[in-house]
Amino acid sequence: MGVQIPSNMPHPEHSRDVAVKAESGWAGDGEPTFENEEQELVRRAILAAQAQAAADPLIMSLKLQDINSRAAAARKAGDTPRALGIWLALFAKARAGNLTHPEMHTVHGNASGAALDLELWDLALEHARRGRSLAEASLRRNGKASDAYIRSFAREGRALLGLGRSREAVTAFEAGLRADPLDPGLRAGLQSAQQRLAEEALAGGGQVLKALTYPEPKQRIAYHPASAPLHRIKTDDMLPLRLLTPFQAENDHAIKDTVNYVTVQTDIRMPRRHIKLLEDSYCLSRLQAGVRSAVEAISAGGERDVRVIDLAAGAGVLAATALAAGARHVTAVERWLYLALTAKEILDANGFHEDRVRVVYKRPTDLQLVKDVPVCANLILAPLLLDEGLLSSGLIPSVQHVLSTLATADALVLPASATVWVQAVEVATGRVAGLNMQAADARRWAPAYLAEGRRGEAGAAVRALSRPREAWHFDLAAPPTHTAAQTLDLEFEGPGRWNAVRFWFDLRLHGDATLSTGPDAAAAGLRCLGPGLQYLQGAIEVLQGDTHPLLATHNTVRMRFDVEDAAYAATARRDAAFPPRHLAMLADGGKYEAYARALRRAAARLAARDGEVHALDAGTGAGALAILAAKVGATSVVAVDLHEPLADLARQTVAANCVSDRVSVVHRDIACLQRGRDVRALGVNLVVADLFDAGLLGDGVQYLLDMARKRVMQPGAITVPAAATVYCIGIEACIASAGGFDVSLINKYRWDDAPQNIRLSDFPHRVLTRPAKAAEFFFDGEKRGRVRDTMLKLEVVAPGNMNAIVYWFDLHLDDVETLSNAPPGVLDKAGSESVQPTEPRSGEDQPPSDFEPAPTFQGRRPGWIYGTAKMGTGYYRERDSVATTEERDDGGAASSSQAADPAESRACAEAAPKDAAADPEASAAEPPHYWGQAMQTLDFCVAVRPGKTVSVVVRREPSRLNFALRQGVGEEVARPPWKEQWGGGASVENPHVQRVHYCELLVRDFLMRVKSRRFPPIEEDMRMVLAHCGSLILDTAALQQVYHELVVLEKINQTPEFSPGATLEAITRPALELG
C-alpha cells in the first residue's frame, strides 16, 4: 500500500491511545483487527493525528466546517492518515458539545472515503452508513444531499467487499442502483461484487448456514379458542400447532375481508379447473373403479344398504358412479358454490333425483347428522379433496370429522391409504443464448408448493439427483391427530445443485384400484394431478455418493421439507411478488437466439448509419435482451421495467455478464420515461421488446411502444420486432360426457370474455377450419395495419359446433427472422394434404405450388403462411380467407450486411449465438415457444360442415383482438352465473354478479390502505391464511395465485408513477409450464 508516515508525528502513550479511541467511537467491539505491521503503523498515525488535533486549541476553536476543510486539505495533499485523524477529532468534538451541521453527512462521507483509501474497511463501513442516514434525513427535509446519499452506497459496498462480505456488498450496490440506476460507480461495484461472489462459490466459500428449529416429532393438533386475537398469532414457520377454524377466519376483523376475497376468487376458478379432471380419463377411470369396488364390497352380503358421503362432489360424477353401482343414497358435499350448483344440475340431467342424492353446499367439517346427512354413512369418498400437496385442501380434518360424527364404525374410506414419496431434484436455468442467467435461480421460491404439472419441451428441466424415499404412510381409516417429523437420508446419484424436493403420493383406493401422482403416471397420461415441487431455502452443492438428511414434517394440514444446518451455496430470495412466468421465459432459449441474430443485424445497420447504437429494452424482465444488445455492439443500453423485483434481477444478470459499463437498469414505467433523466438527452435509436402474451397484445405492447416513440425514440429508430401477423382457426371446445355420464352442463364455465392462455397440443379440442390470417401489426411506427373491423371467411374442413377461436402470431423480428407460436401440426389438422403438385423442373421434383420450402423466415409474403407442417418448414399457401380486397405488399429484401462481434474483455467474453443461416437444421427443429396460444370463446355457437365457410368478424381493441360471429348467426352459449346480467337496477341484480362486485370493492378499499402507508403489508394476512389453508378447506393453488396478485398490486400502487399500460394481468399471468 505504501502509506508514508510523517516522521515528526508524535506517538501517544497507551493511556492516551485508549482515551482517544473512546472519544472517536473507534473502540470496543468495533475495533478493527490489523493483519500486518503496515496497518498497525497506519492506525498509530491516525490516532496520533487525532490526538494532535484534539490537543490543538486553534483547531478545536474552529467551526465544524472549517475543521472539515483542514482535513480535506490534508487529504488532498496526500496525507490521508492525518486527514482521517482530524475528522475523527471533529466527530469527538461534535459529540462532546452536542453539535451538528446540515452538511455533516458530507463529513462522514469524506471520512469513509479516507478510510477506504487506507483499507480500514470496518471504519469506512461505519461512517458510510452513518453518512447515508444523515443524507437520507436531509433529503426528506429539503431534497438536498442526493449525491452524498448515492455515494454512500458505493462506499458501503466497497467496505463490505474489503471485509470479505460479498453477499452483503451485492445488496448494498443493488440498493444504490434502485436510487440511481445510471451511476457508473455503483454498476461497476455490483459487477465486481458479483464476480467476487462467483469466485468464492467456485472455491467452496461464501456458503450460508441455516439452522432450523422444529417442534418435537409428536404434538397434538388443536384449534385456537373462538376468542383468540388473530392479529397476535404468529405463522413464521407456516406449520402451526394450533389451527384456525373457518368461523374465526370469516369473522375476525383482522383477516375476514382477505378470507372472503380469497373464497370468492377461488369459487369462480374451480369449475374450469374441474373440467381438467373430467377430461382426464386416466385419473377418472381409476377413481370410478375404486368407487365401484367399494360399493360392491359393502353390498356383497346383501343385508346392508350402501350409504355414501362424497366429501368433494365436484361435478357429481363419482356420486353418480356410486348410485349406478347400487348405492342406496349419496350425500354429495361440495365446498365451492358453483361446483355444487353444477353437481346438482348434472345429477338431475342423468336421472338421479332427490330421493337418492342430496347435494349439500358446505364445508365437510361443518356437516351435521340429520340436517345434512340423513343417516350415518358406511362409505366415505374423498378422492377429490386431494391436490398435489395431499393434505393442504383439508383431507384429514374432513375425514376425521365424518368418521367421528357421521359414519358407522365399520365405514370404508376411499382412498384407503396414501404413501408419500420424496426425491431431491435440481431446477435450474441454464445458459440462455450463451448468457449467464444463473441469478434467476435465486428467485425460485414459493410460499407453499408448486404443481410440477405437464411440461412441454419449452419447460424448465427438473433433474432428479437422488432415489425416491418413502416419507409417510397415512391410513385414512385412522387419520393422524398429531404432528410428525422424521429425518430421511437421501443418497445422491449424481452431482448438481440441490434446490428443490419433488414429492408425490400413491393412493390405494380400494381393492386393486390404485392411483399414483408420480412422474411415471404423468408420463402415462395423468393430466389433472402430478408431482408437487417445494423449493428449499437455497441451493446445496452435492456430489455423487453424498448422503444428506432431509427433515420431513407435517401438521395434518400441510407437509414441509427442509434441510437442517445446511450450508447453502446460494440462498433463495423469498419474494412473493416475483412473477414465476419470467423463469419459464428464460427456458425458451430459441427465442433469445433469434432475438440475438436480429439485434446483431439491427446494430450493424445503425452503426453504419448513425455511428453509434443506443438501445432501450422495453420491459426487460430478467435483462437477457438488454445484455444481448450490449454484446452485439450497442454503445449504451437502458433496460427498463416497472416491477421492482424484475429490475433487481436484471441488475444482477447484467453484472454477471460483465456489461455493467454499457447497460443501465431503470425501475420505471415505459410510458413515463424522460430524456435526460432515464435515457440520454438525444434519445435511443434501437428499441427491443418482448411484451407479448399468447394473443400478442395482452401486455399492452402497442400503447407502451407508442409512448416510448413519443418520449425517448429518435426519428428512424429501429424496433425489434418490427411487425407481427396473427392467424386463427375455429375449433370445437366442449365436453359431452365423462365416465359414462352426461356432463355437458359444465361447459358454460368455459366461457369468458377475456382470452385464455392454452397449449393447444395439451387441450382437448377438434379443429374445424383451415387457418386464416386475422390481422397485421407494425411496431416500427412507419406503417399501420387495418384499424377497422375485418371480416374473415374460414373454410370448414370438419363437421362440428364451432364455439371458440384459437389464434397465434408470427413475430417478425426483421425482414430475415421470425418467431411463431403456431401450434405444432395445425396445418396438417386443417387438411393441408389436399394440395396438388405442379410440373417438375428439368430432372428434379418441384414442391407443390401450395408449399415452398424455406429453412428460415425470408420475409412476409401476402397469401402465404410460414410454419412447420407435414411437408416441412417453409411457406404454405393461405386459403382466400380475407373477404376484403386490401392486401399489403412489403417486398422488402433481406439485408445481407453482417456486423462483426464487438470486442470483449477476456474475463467477460461469452460464446456468440449462432446465426440461423449457418445452421438451418437447428432452426427448423426449434421447440415450441413459451407463449402457447390464445383461445377466445365465442358468444354464439354455430354448427358447421365441410365445404362451407363461416364468417368471423375481427375487431381490434387496444389490448386484444376480439372475434365474433356475424350478427344473427348461431345460438347464444350459456355463461357462468357471475357473467349474466339480469338488469333492472341493483335491487334485482344477479346475486352472483354482486359477489364479484364485492371483490372489486374490497380491492378498492385495499388500495386506499396501500396509499395511506399506515397499514401492515397484505402479505401478513396472506401468510396467515396460507398457513391454515387445510383447516379452512381452501385451495392452495388458487390461494397462492391470489396471494401473488395482491402482493404485486400492492407493490405497483406504491410506485411513484405508472401509466394505464401498467396492468396487473401483464405481471401476474401464470406460466403454462414450470420455469
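The values are calculated or read from the model by the stated rules, or taken from the named source; none is laboratory data. Owing to the predicted nature of the structure, the values given are computational and were not obtained by experimental measurement. Neighbour counts are summed over all protein chains in view; Cβ atoms, including those assigned to glycine, are modelled from backbone coordinates with ideal geometry. Protein only, heavy atoms only, side chains kept; ligands, DNA and RNA dropped before computing areas. Shrake-Rupley method; radii C 1.70, N 1.55, O 1.52, S 1.80 Å.
Could you pull out the residue among Val432, Val420, Val402 that is open to solvent by less than 20 Å² (accessible area, probe 1.4 Å) and modelled with pLDDT under 95?
Val432
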Problem set entry | Of residues in region 84-119 being in contact with a Ser or Thr (Cβ under 9 Å, 6 or more places away or on another chain) and acidic (Asp, Glu), the one surrounded by the fewest Cβ atoms within 10 Å (Cβ to Cβ) | Asp117
Exercise. How do the pairs read when you match residues in region 50-63 that are more than 12 Å from Ala92 (Cα to Cα) with residues anywhere that are open to solvent by 40 Å² or more (accessible area, probe 1.4 Å), using Cβ under 7 Å and keeping only pairs 6 or more apart or on different chains?
Worked result: Gln52/Pro10; Ile59/Arg70
Problem set entry | Residues satisfying the stated conditions in region 147-162, i.e. open to solvent by 60 Å² or more (accessible area, probe 1.4 Å) and either more than 17 Å from Ala114 (Cβ to Cβ) or acidic (Asp, Glu) (or both) | Asp147
Exercise. Only one of these conditions is not met by Gly621: (1) open to solvent by 10 Å² or more (accessible area, probe 1.4 Å); (2) not in a strand (DSSP E or B). Which number is it?
Worked result: (1)
For this session: Kindly list, by first and then second residue, each pair from a residue in region 1057-1075 that is over 16 Å from Asp669 (Cβ atoms) and among the hydroxyl-bearing types (Ser, Thr, Tyr) to a residue that is in a helix (DSSP H, G or I) and modelled with pLDDT of 90 or more, limited to pairs with Cβ atoms under 8 Å and residues at least 6 apart or on different chains.
Result: Thr1068/Gln1041; Thr1068/His1044; Thr1068/Glu1045; Thr1068/Val1048
Exercise. Of the residues Ser1031, Ser1059, which single one is over 25 Å from Tyr338 (Cα atoms) and among the hydroxyl-bearing types (Ser, Thr, Tyr)?
Worked result: Ser1059
Exercise. Quick one: which of Ala96, Ala137, Ala115 is in contact with a helix residue (DSSP H, G or I) (Cβ under 7 Å, 6 or more places away or on another chain) and either within 20 Å of Ser69 (Cβ to Cβ) or not in a loop (DSSP other than H, G, I, E, B) (or both)?
Worked result: Ala115
Exercise. For region 212-251, which residues satisfy the criterion of being surrounded by fewer than 18 Cβ atoms within 10 Å (Cβ to Cβ), in contact with a helix residue (DSSP H, G or I) (Cβ under 6 Å, 6 or more places away or on another chain) and at pLDDT 80 or above?
Worked result: Met238, Glu250
For this session: Return a yes/no flag: does region 1001-1024 have any residue that is open to solvent by less than 40 Å² (accessible area, probe 1.4 Å), of a type in the set (Asp, Glu) and assigned to a loop (DSSP other than H, G, I, E, B).
Result: no
Problem set entry | Matching residues in region 364-380 - criterion: being over 40 Å from the mean Cα position of the chain (by Cα) and not in a loop (DSSP other than H, G, I, E, B) | Leu369, Val373, Ala377, Asn378, Leu379
Exercise. When Ala1038 is evaluated against the numbered criteria (1) open to solvent by 30 Å² or more (accessible area, probe 1.4 Å); (2) assigned to a helix (DSSP H, G or I); (3) of a type in the set (Gly, Ala, Ser), which criterion, by number, is the only one it fails?
Worked result: (1)
Exercise. Got a sec? Which strands (runs of 3 or more DSSP E) wholly within region 445-544 have at least 1 residues that are under 30 Å from Gln219 (Cβ atoms) and not hydrophobic (A, V, I, L, M, F, W, C)?
Worked result: 469-475, 484-491, 496-510, 532-542
Problem set entry | Single unsatisfied condition, Val973 versus (1) touching a strand residue (DSSP E or B) at 6+ places or on another chain (Cβ under 7 Å); (2) closer than 28 Å to Asp641 by Cβ; (3) among the aliphatic types (A, V, I, L, M) | (2)
For this session: Go through region 948-974 residue by residue and tally those that are farther than 16 Å from Gly695 by Cα and in contact with a Lys or Arg (Cβ under 8 Å, 6 or more places away or on another chain).
Result: 7
For this session: Kindly indicate which of Ala55, Ala22, Ala77 is at pLDDT 85 or above, open to solvent by 40 Å² or more (accessible area, probe 1.4 Å) and of a type in the set (Gly, Ala, Ser).
Result: Ala77
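Matching residues to (1) of a type in the set (D, E, K, R); (2) open to solvent by 20 Å² or more (accessible area, probe 1.4 Å); (3) within 20 Å of Thr1036 (Cα to Cα):
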residue	(1), (2), (3)
Phe352	no, yes, no
Val357	no, no, no
Lys362	yes, yes, yes
Gln368	no, yes, no
Asp372	yes, no, no
Ala377	no, no, no
Ala382	no, no, yes
Leu390	no, no, yes
Leu395	no, no, yes
Problem set entry | Criterion violated by Gln50 - all others in (1) modelled with pLDDT under 80; (2) in the same structural domain as Leu134 (by the TED database); (3) over 25 Å from Ser152 (Cα atoms) satisfied | (3)
Exercise. Taking region 710-721 on its own, how many of its residues are modelled with pLDDT under 95 and under 29 Å from the mean Cα position of the chain (by Cα)?
Worked result: 0
Exercise. Which pairs do you get when a residue that is in contact (Cβ under 8 Å) with a residue 40 or more places away in the chain and small (Gly, Ala, Ser), found in region 253-272, comes within reach of a residue that is open to solvent by 10 Å² or more (accessible area, probe 1.4 Å) and in a helix (DSSP H, G or I), reach meaning Cβ atoms under 8 angstrom, with the pair 6+ apart or on two chains?
Worked result: Ala254/His231; Ala254/Asp1021
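Inspect all residues belonging to region 149-157 and state whether any of them is assigned by the TED database to the domain that holds Ala111, part of a helix (DSSP H, G or I), basic (Lys, Arg) and in contact with a Gly (Cβ under 9 Å, 6 or more places away or on another chain).
Scanning region 149-157 turns up at least one residue that is assigned by the TED database to the domain that holds Ala111, part of a helix (DSSP H, G or I), basic (Lys, Arg) and in contact with a Gly (Cβ under 9 Å, 6 or more places away or on another chain).
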Problem set entry | Filter result for Val291 (under 22 Å from His401 (Cβ atoms) and open to solvent by less than 10 Å² (accessible area, probe 1.4 Å)) | yes
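Quick grid of which residues meet (1) outside the structural domain of Asp475 (by the TED database); (2) without any contact (Cβ under 8 Å) to a residue 60 or more places away in the chain; (3) crowded, with 24+ Cβ neighbours inside 10 Å; (4) of a type in the set (A, V, I, L, M, F, W, C):
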| position | (1), (2), (3), (4) |
| --- | --- |
| Phe561 | no, no, no, yes |
| Ala567 | no, no, no, yes |
| Ala598 | yes, no, yes, yes |
| Gly611 | yes, yes, no, no |
| His614 | yes, no, no, no |
| Lys631 | yes, no, yes, no |
| Ser636 | yes, yes, no, no |
Problem set entry | Positions within region 942-993 being modelled with pLDDT of 90 or more, closer than 30 Å to Leu337 by Cβ and loosely packed, with under 14 Cβ neighbours inside 10 Å, in sequence order | Glu971, Glu972
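Going by the structure shown, is Leu412 part of a strand (DSSP E or B), open to solvent by less than 40 Å² (accessible area, probe 1.4 Å), farther than 30 Å from Leu197 by Cα and not acidic (Asp, Glu)?
no
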For this session: Could you list all residues from region 644-662 that are surrounded by fewer than 24 Cβ atoms within 10 Å (Cβ to Cβ) and either in a loop (DSSP other than H, G, I, E, B) or more than 25 Å from the chain's Cα centre (by Cα) (or both)?
Result: Cys658, Asp661, Arg662
